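The values are calculated or read from the model by the stated rules, or taken from the named source; none is laboratory data. Since this is a predicted model, take the numbers as computed values, not measurements. Here the Cβ positions follow ideal geometry from the backbone for every residue, glycine too, while neighbour counts run over all protein chains shown.
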Amino acid sequence: MAETPVRDEMGYEAMAQNALRGVVRAALERAAMPEGLPGEHHFYITFRPGRRACPSRPTCPKSTRTRSPW
């Protein structure tokens with residue numbers, strides 16, 4: 001017998017996403033400080049200009065959308 005999926009009445013998925021955004025925000029704020037990142041730390045930043053949920057989609061240059069059609 002299949003189990004009924006558990007409903008996320010607390011919104012844990014949204015809470016986790018917000019928490020992760022906070023981690024990214026704090027890391028970028030630290031990197032923007034005059035002393036920059038400590039040691040050999042670095043970031044790999046990627047984006048998906050064709051993703052419908054991306055709020056900057058209309059402002060993404062066509063050349064970027066052509067090179068990165070995701």
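Assorted remarks:
- If only residues of the range 29-50 that are within 12 Å of the chain's Cα centre (by Cα) and surrounded by 10 or more Cβ atoms within 10 Å (Cβ to Cβ) are counted, the one that is modelled with the lowest pLDDT is 48.
- Close Cβ contacts (under 6 Å, 6 or more residues apart or on different chains) running from residues in the range 1-30 that are more than 24 Å from residue 41 (Cβ to Cβ) to residues that are part of a helix (DSSP H, G or I) are absent.
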